[in-house]
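A.B. asks: I have a structure here, written as C-alpha cells, and I will follow up with some questions on it.
Values in this text are rule-based calculations from the coordinates and carry no lab data. Just so it is clear, the model here is predicted, and its values are computed rather than measured. As a convention, Cβ positions derive from the backbone with ideal geometry for all residues, glycine included, and neighbour counts pool all protein chains shown.
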Amino acid sequence: MPVKPVLRMGDARLLQHAEAVADFGGDELRVLLRDMRDTMQAFDGVGLAAPQIGVNLRVVIFGVAPPQHEQDRQNSRYPDAETVPETVLINPVITPLNDKAEQAWEGCLSIPGLRGLVPRFQHIRYQGYDESGALIDRTVSGFHARVVQHECDHLEGILYPARIQDITRFGYTEELFPEREARNDRID
Ligand code: NI
C-alpha cells in the first residue's frame, strides 16, 4: 500500500501556492489519488491535500463515512463528525455565501498531536472537478464547509494555526481535553 509520509509544519513545501491540474486523464493524477487515499486512510484522516505528501498540485480529497459499528465510532478520531461524501476535488474555488463564521476545533495530519479553535465560514459554495474532469458544484455548511476550507487552505500554503484568533485556544490535544479524546476534533 503506497502510504506516503505526511509533511509536517516547518517543511517549506507546505507553504507553497499549489499549481492547477491540467491533465485529467493521465497516470500522474491516478497515482497521486491512489497515494492520497491510502495515506489518508492509514492516518485515519478526514481529508488530505496533495501538498501534504509533497505534490504541489491543486488536489484535495475528503470524506467521512458513517461508522458501520459502534466500536468503529468509538475508535474514530472524529466520533461525532457529520457524514461528508467521499470527494476528490481538483482546482477548487470556494465562494463564501455570507459573512457568518463559526469557531470549532481543528487538527491536521501535518501538525500531529495539536488542536486549535479555528473560525471558518459557515456556509459556502465550492466548485471544482473530480478525477475524470466532471464539474463539482455544491453548496454546503457546517462541518462539510469547514473540511473543504481547511483542505483548500493547504493549496495556498496556509496551515490552520495562521487562522487562530485566540492563541490560548491552541495546544496539545491531551492537555486541552484531559477528560476525553477530543470529541470536537476536526479535519485532517
Ligand atoms: Ni490539514
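A.B. asks: Ratio of alpha-carbon Rg to the 2.2 N^0.38 Å globular estimate for region 12-176, to two decimals, please.
C.D. replies: Values: Rg = 15.5 Å, N = 165, 2.2 N^0.38 = 15.3 Å.
So the Cα radius of gyration is 1.01 times the expected 2.2 N^0.38 Å.
A.B. asks: Using label points projected 7 Å from each Cα along Cα→Cβ, tell me how many nm separate ILE167 and THR95, to one decimal.
C.D. replies: So the two model labels end up 3.7 nm from each other.
A.B. asks: Which ³J(HN,Hα) values in Hz, rounded to whole numbers, follow from the phi angles of region 99-109 under the Karplus curve 6.51 cos²θ - 1.76 cosθ + 1.60, where θ = phi - 60° and Gly and Pro get x?
C.D. replies: Values per residue, Gly and Pro as x: 8, 5, 10, 9, 9, 8, 6, 10, x, 8, 4 Hz.
A.B. asks: Right, here's the next one. Just ASP35, ASP137, ASP99 to compare: in a GNM of the chain, with alpha carbon springs under 10 Å, which one fluctuates most?
C.D. replies: ASP99
A.B. asks: So who's got an amide H within less than 5 Å of the one on ILE136, skipping anything under 5 residues away but keeping other chains? H placed 1.01 Å off N, in plane.
C.D. replies: GLY128, TYR129, ASP130
A.B. asks: Sticking with this one: Please state the relative contact order of the chain as a whole percent: Cα pairs under 8 Å, 6+ residues apart?
C.D. replies: On the way: 383 pairs, mean separation 47.4, N = 188.
Once divided by the residue count of the chain, the mean separation gives 25 percent.
A.B. asks: Right, something else. Which order do LEU33, LEU109 fall in if you start with the one that has the fewest other Cβ atoms within 10 Å?
C.D. replies: LEU33, LEU109
A.B. asks: Then there is this: If packing is taken as the mean number of other Cβ atoms within 10 Å per residue, what is the order of 22-32, 122-132, 47-57, highest first?
C.D. replies: 47-57, 122-132, 22-32
A.B. asks: Helix 142-154 versus the longest principal axis of the chain: what angle, 0 to 90°, nearest 10, using Cα atoms?
C.D. replies: Helix 142-154 sits roughly 60 degrees off the main axis of the chain.
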